[in-house]
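S.K.: Let me begin by handing over the structure; questions about it come next.
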Amino acid sequence: MSDKWLVCCGEEARADLGPTLVALGATNGAEFVRNPDDLRRIASQDPGRYSAAVGAGLEGVSAVNLAAALAHDGDFLQVALIERGASGSLRSRAARAGIDVVVDPGDLPAAGAREVPIVATTDALPLGAGGVSAPTGGTAAADAPDAGPSAPEPAPLAKGASSKKPLSVDKPLDGACRQPHVLPTPPQVKGRAPVIVLCSGRGGVGKTCLVAALAVAAAGWGLKVCALDLDLSCGNLFSCFGLPDGYDLARFVAEGGATAFERAGAAACEHVRLLGPCSRPELSENVMPAVEGLICAASSASDLVVVDTSTTFTDGVAQAVQLADRVLIVSDGGPGSAAATARTSGLAVRLGVARTRLARLENHASPRGRVAGVGIETGLEAARTFSVVEGGDEARELFAAGRASELFELGLPLADSAASVLAQVMAELGRLPDCDAARHALEAASPRKRSFFGRKREVRSA
């Protein structure tokens, strides 16, 4: 067990750090890291030097998702999840995700005890006691013993710096690919728009229509949106907006690519600019090397980038997924949907995409809120599940007629649920627009509490 620990948790979880770190044997104290992205980058600079403890209260990410991502990175000696009231189901998910130990502070005796009960997900963790230093930028936990020496200060990182590189899908992905070279989580810097990528492992799930719906919803909130069609050979996102064709990315790249981005794109509707696919499918390979620069240019010139992808992970799709702030894996509960979702999420993880950036999106969901076909797939063990309801004939006719921009004017349930999904994702990223429509869409995602008597009144009125 390493005696050099990095800790990442919210303010309310700090009171549990003293007894927890004693239980984990942090004999040389611990260093507090506020930002999950910084935690991963520090470890990537000096792999094998630190162990990590992750607690609750982090903004925009759950503790179990972050711990799973750290375990997959393989840069920490040990990864511990601190969770009060940890259930057996949570411990089981943590074990499958490779998290080394789950600590429930409620089960621990007072700090300083020699022997403490910890339910570990592996047999590799000896138990012991030790000193705990005050977290960086905060105060020591109330129950902590005398502080030991603080862990060495990690070397400063340049903004967005990373020693890791994206993994190309042209290279074989086999069992040896357990610690892939990956892009870091995209830096949330001023002027950079969030990138949301929708992908799936099979066709016909409505992914393209969802991209169009999300773009229109964001445009309705006043955001400047770039809709990017990376189904380079056979994409038809342009048809949802009534355009005769898309904006040829092969020609765009040949004429200067990202350097000419400000003049590129077709006007899909107000505030929505569309790029892609290729007018000649055989030229799609010329575009793939330029996808990373294209997305970076789009995120610098827009308020939101929404990306449609092909059903297979081409090199261009792999770059988009690695650069995404959120990857929404779309399924519809139909035959083969679970297997396709498992293949897609597993490949995303092998490409180095952090589990914290993966989510499931169930399309054509039941209006009663039941989500079908949810299993346990690699990378989605503790991921959020969003749903968009079935649009019916009216929505299908609008998309077929190229009138996606009218979805929200008609107040269709599909449009409302798509806006709700977008609002939740943007809120998680800390980028929800300051407008009434966006706030209402987020509020609509919160389940309404009904009392027993309220349900009785509904029955009587029926």
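The values are calculated or read from the model by the stated rules, or taken from the named source; none is laboratory data. Everything numeric here is computed off the predicted structure, so don't read it as measured data. FYI the Cβ positions are ideal-geometry reconstructions off the backbone, even for glycines, and counts take in every protein chain you see. Protein only, heavy atoms only, side chains kept; ligands, DNA and RNA dropped before computing areas. Shrake-Rupley method; radii C 1.70, N 1.55, O 1.52, S 1.80 Å.
S.K.: What number of residues within region 398-433 are closer than 19 Å to residue 205 by Cβ and open to solvent by 40 Å² or more (accessible area, probe 1.4 Å)?
M.R.: 2
S.K.: If you take the residues of region 60-74 that are under 13 Å from the mean Cα position of the chain (by Cα) and outside any helix (DSSP H, G or I), which of them is surrounded by the fewest Cβ atoms within 10 Å (Cβ to Cβ)?
M.R.: Top of the filtered list is 60.
S.K.: Could you list, in sequence order, the residues of region 327-354 that are open to solvent by 20 Å² or more (accessible area, probe 1.4 Å) and of a type outside the set (Gly, Ala, Ser)?
M.R.: Of everything in region 327-354, those that are open to solvent by 20 Å² or more (accessible area, probe 1.4 Å) and of a type outside the set (Gly, Ala, Ser) turn out to be 332, 335, 343, 347, 350.
S.K.: To continue, here is another question. Residue 292 - would you say it is of a type in the set (Asp, Glu), under 24 Å from the mean Cα position of the chain (by Cα) and closer than 23 Å to residue 200 by Cα? Before the answer, list the steps.
M.R.: Details: of a type in the set (Asp, Glu): yes; under 24 Å from the mean Cα position of the chain (by Cα): yes; closer than 23 Å to residue 200 by Cα: yes.
In short, yes.
S.K.: Report, by residue number, each residue of region 32-48 that is in a loop (DSSP other than H, G, I, E, B) and within 14 Å of residue 75 (Cα to Cα).
M.R.: If the condition is that a residue be in a loop (DSSP other than H, G, I, E, B) and within 14 Å of residue 75 (Cα to Cα), then 46, 47, 48 are the ones that fit.
S.K.: Identify all residues within region 191-221 that are touching a Cys at 6+ places or on another chain (Cβ under 6 Å) and small (Gly, Ala, Ser); write none if there are none.
M.R.: Within region 191-221, just 212 meets the criteria.
S.K.: If only one of 253, 317 is touching a strand residue (DSSP E or B) at 6+ places or on another chain (Cβ under 9 Å) and either in a strand (DSSP E or B) or hydrophobic (A, V, I, L, M, F, W, C) (or both), which one is it?
M.R.: Only one candidate passes the filter, namely 317.
S.K.: Suppose we filter 49, 93, 84 for residues that are open to solvent by 40 Å² or more (accessible area, probe 1.4 Å) and at pLDDT below 85; which single one remains?
M.R.: Values: 49 fails: at pLDDT below 85; 84 fails: at pLDDT below 85.
Going through 49, 93, 84 in turn, the sole match is 93.
S.K.: Determine whether region 58-67 contains at least one residue that is among the charged types (D, E, K, R), farther than 19 Å from residue 356 by Cα and in contact (Cβ under 8 Å) with a residue 24 or more places away in the chain.
M.R.: no
Let's see how each residue does on (1) under 27 Å from residue 352 (Cβ atoms); (2) touching a helix residue (DSSP H, G or I) at 6+ places or on another chain (Cβ under 7 Å); (3) not β-branched (Val, Ile, Thr):
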| position | (1), (2), (3) |
| --- | --- |
| 6 | yes, yes, yes |
| 13 | no, no, yes |
| 16 | no, yes, yes |
| 23 | no, no, yes |
| 41 | yes, no, yes |
| 45 | yes, no, yes |
| 50 | yes, yes, yes |
| 56 | yes, yes, yes |
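S.K.: Considering region 264-320 alone, what residues qualify as being surrounded by 18 or more Cβ atoms within 10 Å (Cβ to Cβ) and without any contact (Cβ under 8 Å) to a residue 24 or more places away in the chain?
M.R.: Passing the criteria: only 264.
S.K.: Of the numbered conditions (1) farther than 21 Å from residue 209 by Cβ; (2) at pLDDT below 90, residue 431 satisfies every one except a single condition; which is it?
M.R.: With (1) farther than 21 Å from residue 209 by Cβ; (2) at pLDDT below 90 applied to residue 431, the lone miss is (2).
S.K.: Continuing with this model, one more query. Hey, among 419, 401, which residue is at pLDDT 85 or above and within 16 Å of residue 304 (Cβ to Cβ)?
M.R.: When all the criteria are applied, what remains is 419.
S.K.: Something else: Considering only residues of region 200-210 that are open to solvent by less than 40 Å² (accessible area, probe 1.4 Å) and in contact with a helix residue (DSSP H, G or I) (Cβ under 6 Å, 6 or more places away or on another chain), which is modelled with the highest pLDDT?
M.R.: Once the filter is applied, the top-ranked residue is 208.
S.K.: Name the residues in region 227-250 that are under 20 Å from residue 200 (Cβ atoms) and part of a strand (DSSP E or B), would you?
M.R.: 227, 228, 229, listed by residue number.
S.K.: Suppose the filter is more than 19 Å from residue 320 (Cβ to Cβ), at pLDDT 90 or above and not acidic (Asp, Glu); does residue 279 pass it?
M.R.: yes
S.K.: Starting from region 322-335, take each residue that is assigned to a strand (DSSP E or B) and list its partners that are open to solvent by 10 Å² or more (accessible area, probe 1.4 Å) and among the acidic types (Asp, Glu), counting only C-beta distances under 8 angstrom and pairs at least six apart or across chains.
M.R.: Taking only residues 6 or more apart or on different chains, the pairs are 326/428.
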